[in-house]
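The values are calculated or read from the model by the stated rules, or taken from the named source; none is laboratory data. This structure is a prediction, so every number in the text was calculated from the model and none was measured. Cβ placement follows ideal geometry from the backbone for every residue including glycine, while neighbour counts extend to all protein chains displayed.
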Amino acid sequence: MKNSKKIILAITGSIAAVKTYDAIRMFQNDGYDVQCVVSNGGENFISRLALESLSGYPVLGPDIFSFPNFENKELTIQNYNKKNSSEIFAHIECTKNIEAVVVLPASANFLADFSQGRATNFLSSMMLANTKPVVLCPAMNSHMWNNSAVQNNIKIIKILYANTQNSNNLEIVEPQKSGILACGDEGVGKLALLENIKLYLEKLLTKNYHKNNIHNKTVVINLGGTQEKIDPVRFIGNFSSGETGKIIAEQCFILGAKKVICIVGNVSVCFQHLEEIENFEIIYLANNSAQEMLAATEKYVKEADIVIFTAAVADFTPKNYLDIKIKKVKKVKKIHSDDNLATHLMLELQETIDIAKYSTEQYKNNIYNKKIFIGFALETEKNIEKYKQIIQKKCEDKNLDYVLGNTPQNFSQNKNSQNFNYLVYSKKTQNFTESSEFLDKKTFFKEFLKYIPCNS
């Protein structure tokens, strides 16, 4: 079954073309149909049959007249019917009903053609006729990438788009900052990570993202769990993968955030790909303690427009830390004895500081404060009215602008699902909002972030 969205994946002459097989699957999993266009150089690195098998569409190019019927010498444009006419003008027609063109990889030769407006083959002709958004993903040797001619071509392409009505229709996903290249050299030039290319495409296709309340804002997100050490090998903590915080961070980027600062505690998801994007600053905690997360949050919240507390911070920490491992001592059970086989360990705990409450206290009393504070709550209360009371009280006690809670249905019936139905409480309106259906986190947070009213 075909998807409602379609993109053109253009492949040029770079060894990174071998990544296009994975890219096709990635885009398809994200709901896109993919049709491939190859340049003369790109055709040397990949198999047309493999591309057609994966995409389900015929491969276009490399020659501008490389469609089957054109080999008929008696064929003329005059006696061509409308259907066949679209084949003659395929370099024009193929982009009319698509969302975007993704050039992956974009070689130095392609960048030269594109910047100079050349129409030497199917791909370069298609790019001249195209009016849809374009994502360029350069990949080449470090010396080639750093060559002033290549960098000038990049600048020219940016200027050409900036001077047209399509100024928001271009994203250039620069190569990875460092890595081992196919030639054995190490340095810049390696194709950007596919996850990041997908993020840039989503950003480009997010209509009017510059009009939402995340655009051009600095967002600070703390995420993951904290670990309160008992001894060198044991700790108290909360379950947390960091996935929610990661999804929110990515959606903030897609919606045009100027900067996204992630304060990362103990997580099971990877943030390495985000380090390659200049809009992100990833702060990894060394010890993952609540105190360390508080210090980092306090440091970065100063420059934030929006602060989002997704971290699962442990509520308690041992009062006394032991610097040697606590040994498990077994007792020998005697006949007619009531002694247990093992001793009981008693821990004296104290509450950790509430990071969200502490942060709002520093800024909310300032009448010039323009920051938005958003918190999360996960409770086991199954009575919906009591649950709402808990959410509302948390919002008021911590002086937050919004609190998002996992509903009791999420916690019990939907525990292992990727779809959620968050209950959102707004302090300003004093109302609860709940979506009418379960949504995946990506969809929910994109819609939530898009419409939160900022205090600016």
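Here are ASN121, ASN147, ASN109: which of them is buried (at least 17 other Cβ atoms within 10 Å of the Cβ), modelled with pLDDT of 95 or more and farther than 13 Å from ALA16 by Cβ?
Only one candidate qualifies: ASN109.
Name the one entry in LEU400, LEU404, LEU345, LEU423 that is hydrophobic (A, V, I, L, M, F, W, C), at pLDDT below 85 and in contact with a Gly (Cβ under 8 Å, 6 or more places away or on another chain).
LEU423
Just checking, does region 248-271 include any residue being among the hydrophobic types (A, V, I, L, M, F, W, C), more than 23 Å from LYS203 (Cα to Cα) and either in contact with a strand residue (DSSP E or B) (Cβ under 6 Å, 6 or more places away or on another chain) or without any contact (Cβ under 8 Å) to a residue 24 or more places away in the chain (or both)?
Yes - at least one qualifying residue is present in region 248-271.
Considering each of ILE353, ILE335, ILE384 in turn, give the residue that is modelled with pLDDT under 70, over 28 Å from the mean Cα position of the chain (by Cα), in the same structural domain as TYR425 (by TED's automatic domain parsing) and among the β-branched types (Val, Ile, Thr).
Checking each option against the conditions leaves just ILE335.
Conditions (1) on the phi < 0 side of the Ramachandran plot; (2) buried (at least 20 other Cβ atoms within 10 Å of the Cβ), marked per residue:
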{"position": "VAL135", "(1), (2)": "yes, yes"}
{"position": "ILE154", "(1), (2)": "yes, no"}
{"position": "THR164", "(1), (2)": "yes, no"}
{"position": "GLY179", "(1), (2)": "no, no"}
{"position": "LEU191", "(1), (2)": "yes, yes"}
{"position": "LEU205", "(1), (2)": "yes, no"}
{"position": "ILE221", "(1), (2)": "yes, yes"}
{"position": "ILE236", "(1), (2)": "yes, no"}
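What are the residues in region 173-189 that are in contact (Cβ under 8 Å) with a residue 60 or more places away in the chain and under 27 Å from LYS203 (Cβ atoms), if any?
GLN176, LYS177
Out of the residues in region 125-151 that are among the polar types (S, T, N, Q) and without any contact (Cβ under 8 Å) to a residue 24 or more places away in the chain, which is farthest from ILE92 (Cα to Cα)?
Here the residue is SER148.
Take region 302-319 and flag every residue that is outside any strand (DSSP E or B) and in contact with a strand residue (DSSP E or B) (Cβ under 7 Å, 6 or more places away or on another chain).
Correct list: GLU303, ALA304, ASP305, THR310, ALA311, ALA314, ASP315, LYS319.
For region 271-291, check the following and say yes or no: at least one residue is over 18 Å from the mean Cα position of the chain (by Cα), over 19 Å from ALA249 (Cα atoms) and outside any loop (DSSP other than H, G, I, E, B).
So far as region 271-291 goes, yes, one or more of its residues are over 18 Å from the mean Cα position of the chain (by Cα), over 19 Å from ALA249 (Cα atoms) and outside any loop (DSSP other than H, G, I, E, B).
For residues in region 238-285 being surrounded by fewer than 17 Cβ atoms within 10 Å (Cβ to Cβ) and small (Gly, Ala, Ser), which is nearest to LYS441 (Cα to Cα)?
Among residues in region 238-285 that are surrounded by fewer than 17 Cβ atoms within 10 Å (Cβ to Cβ) and small (Gly, Ala, Ser), the one nearest to LYS441 (Cα to Cα) is SER241.
Identify all residues within region 375-389 that are in contact with a helix residue (DSSP H, G or I) (Cβ under 9 Å, 6 or more places away or on another chain), outside any loop (DSSP other than H, G, I, E, B) and either more than 28 Å from GLY242 (Cβ to Cβ) or not small (Gly, Ala, Ser) (or both); write none if there are none.
PHE376, LEU378, ILE384, TYR387
How many residues does region 1-54 hold that are of a type in the set (Lys, Arg), within 23 Å of the chain's Cα centre (by Cα) and over 23 Å from ALA182 (Cβ atoms)?
Count: 2.
Among residues belonging to region 41-63 that are buried (at least 17 other Cβ atoms within 10 Å of the Cβ) and of a type in the set (A, V, I, L, M), point out the one that is farthest from ALA100 (Cα to Cα).
ILE46
Filter region 20-40 down to the residues that are small (Gly, Ala, Ser) and surrounded by fewer than 20 Cβ atoms within 10 Å (Cβ to Cβ) and list them by number.
GLY31
Being surrounded by 14 or more Cβ atoms within 10 Å (Cβ to Cβ), among the charged types (D, E, K, R), outside any strand (DSSP E or B) and at pLDDT below 85 narrows it down to one of GLU74, GLU87, so name that one.
Going through GLU74, GLU87 in turn, the sole match is GLU87.
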